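These notes concern the structure reproduced below.
The values are calculated or read from the model by the stated rules, or taken from the named source; none is laboratory data. Just so it is clear, the structure is predicted and the values come from calculations on it, not from any experiment. Glycine gets a Cβ as well: all are built from the backbone with ideal geometry, and neighbour counts include every protein chain shown. Note: accessible area is taken over every heavy atom of the protein model, side chains too, but ligands, DNA and RNA are not part of it. Shrake-Rupley method; radii C 1.70, N 1.55, O 1.52, S 1.80 Å.
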Amino acid sequence: MKFIRLAIVMILLFGLGYPVVMTGIAQALFPHQANGSIIYNDKKQAVGSELIGQLFQDPKYFHGRISSIHYDAAASGTPNYAPSNKEMIQRTEKAAEEWLKKNPGKTKEEVPLDLITNSGSGLDPHISPAAAFFQVPSVAKATGLSEEELNNLVKKHIEGRMLGIFGEPRVNVLKLNMELQKMIQGKS
């Protein structure tokens, strides 16, 4: 009987009480993050999350990393292939060839690795600054904006290392494309 009472107390305390308290603290201190880091457009419509990448196929937009799970957060994770895996080699070769078709005059060695490989989760919303700058000529051609304008846009969206030491500089593709869309509309 003692164990049943203890189990009920523990269920109430840690199964209900603890989650309610932690949710309340998160909502009070970090409401944006606690609610999914949602990004809204000027019309206050949700367009995505800062934390989950999206597929951009239109040539007038910057493209993110490859996602073998199609950016489905419920299926987070990607195949953990070794660099010698034949399927991975074929996939990266194909991706590099596609980038070279879109960017004539570039060589395979110039294609940034993050444009032809998955992130560990398959959900990464960021690309390296090099990957964003690599796409500037093709985006300029598709949009009619100058390369200078697009280079400045990319520079504006480079996020530094967390706390100045963790991670690498990166560009959030959704945020970059949202501002690019405003520039395109302003030009029309």
*Can you tell me which residues in the stretch 18-44 are polar (S, T, N, Q) and under 18 Å from Pro125 (Cβ atoms)?*
Gln33, Asn35, Ser37, Asn41
*Looking at the stretch 1-49, what helices (runs of 4 or more DSSP H) fall wholly within it and have at least 1 residues that are over 26 Å from Ala73 (Cβ atoms) and among the basic types (Lys, Arg)?*
2-10
_Restricting the stretch 117-151 to residues that are of a type in the set (Val, Ile, Thr) and within 16 Å of the chain's Cα centre (by Cα), the residue that is farthest from Ala96 (Cα to Cα)_ = Ile127
*asked:* Residue under question is Val139, and the condition is that it be in contact with a strand residue (DSSP E or B) (Cβ under 7 Å, 6 or more places away or on another chain), closer than 24 Å to Lys187 by Cα and open to solvent by less than 50 Å² (accessible area, probe 1.4 Å); does it hold?
replied: no
*Within the stretch 50-76, restricting attention to residues that are in a helix (DSSP H, G or I) and either closer than 30 Å to Leu153 by Cα or touching a residue at least 40 places away in the same chain (Cβ under 8 Å) (or both), which residue is nearest to the chain's Cα centre (by Cα)?*
Ala73
*Does the stretch 109-121 hold any residues that are surrounded by 12 or more Cβ atoms within 10 Å (Cβ to Cβ) and either touching a Leu at 6+ places or on another chain (Cβ under 6 Å) or not small (Gly, Ala, Ser) (or both), and which are they?*
Glu110, Val111, Pro112, Leu113, Asp114, Leu115, Ile116, Thr117, Asn118
_Of everything in the stretch 168-183, what is out of contact with any Gly (no Cβ under 8 Å at 6 or more places or on another chain) and either over 14 Å from Gly64 (Cα atoms) or not in a helix (DSSP H, G or I) (or both)? Give them in sequence order._
Glu168, Arg170, Val171, Asn172, Glu179, Leu180, Gln181, Lys182, Met183
*Just wondering, is there one or more residues in the stretch 75-92 that are among the aliphatic types (A, V, I, L, M), closer than 22 Å to Gln57 by Cβ and touching a Ser or Thr at 6+ places or on another chain (Cβ under 8 Å)?*
no
*Can you tell which of Val139, Val154 is more than 19 Å from Leu55 (Cβ to Cβ), touching a Phe, Trp or Tyr at 6+ places or on another chain (Cβ under 7 Å) and part of a helix (DSSP H, G or I)?*
Val154
*Candidate set: the stretch 77-99, residues that are in a loop (DSSP other than H, G, I, E, B) and open to solvent by less than 70 Å² (accessible area, probe 1.4 Å); chosen: the one modelled with the highest pLDDT*: Asn85
